[in-house]
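Read through the structure below, which is laid out as structure tokens, and then see the notes.
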Amino acid sequence: MTTTTTDDWFSELDKADPKNPPMPCGWRVLIRPDAPLAKVGNILIPIDKVEKDKMVVNTGRILAIGPLAWDKPEMLGQPWAKVGDSVLFGKYAGIKLESEGVRLVILNDDEIVAVIKKA
């Protein structure tokens, strides 16, 4: 497992999730960042749009959740995301690391800003 500070922090889609990812402690959440899309189906997305999207926010999929995540009285004990959900988080949020060749991010539960619902 290594850490890094590169700006483009995502894993290629052809790599499988790590078999033994680090387990987040406390209120933290482990996320596998998505690669920015340059093509959706047969529709090409302009590179400047992809670059702009990479500058502000990232999306990713939750791989693991710490035992205290979303367990604060003001949250009414209701987690708003679960393992497997796609979420939105700030580009510079969390701690970036690599496990089994896959780039991951560990965030505090309150650094997740939205859950992305699949249509």
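The values are calculated or read from the model by the stated rules, or taken from the named source; none is laboratory data. Note that this is a predicted model, so its numbers are computed, not measured. Please note: Cβ atoms are built from the backbone with ideal geometry, for glycine as well, and neighbour counts cover all protein chains shown.
Name the residues in the stretch 80-91 that are part of a loop (DSSP other than H, G, I, E, B) and either of a type in the set (Val, Ile, Thr) or free of Cβ contacts under 8 Å to residues at least 24 places away in the same chain (or both), would you?
Correct list: Lys82, Val83, Gly84.
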> Hey, among the residues in the stretch 52-79 that are in contact with a strand residue (DSSP E or B) (Cβ under 6 Å, 6 or more places away or on another chain) and not in a strand (DSSP E or B), which one's modelled with the lowest pLDDT?
Replying inline: Ala69
> Of the residues that make up the stretch 3-16, is at least one at pLDDT below 90, in a loop (DSSP other than H, G, I, E, B), loosely packed, with under 13 Cβ neighbours inside 10 Å and among the small types (Gly, Ala, Ser)?
Replying inline: yes
> Between a first residue in the stretch 23-35 that is free of Cβ contacts under 8 Å to residues at least 40 places away in the same chain and a second residue that is of a type outside the set (Lys, Arg) and outside any loop (DSSP other than H, G, I, E, B), which pairs have beta carbons less than 9 Å apart while being 6 or more apart in sequence or on different chains?
Replying inline: none
>> Return the residues of the stretch 92-119 that are within 10 Å of the chain's Cα centre (by Cα), touching a residue at least 60 places away in the same chain (Cβ under 8 Å) and in a loop (DSSP other than H, G, I, E, B); say none if nothing qualifies.
In response: Gly94
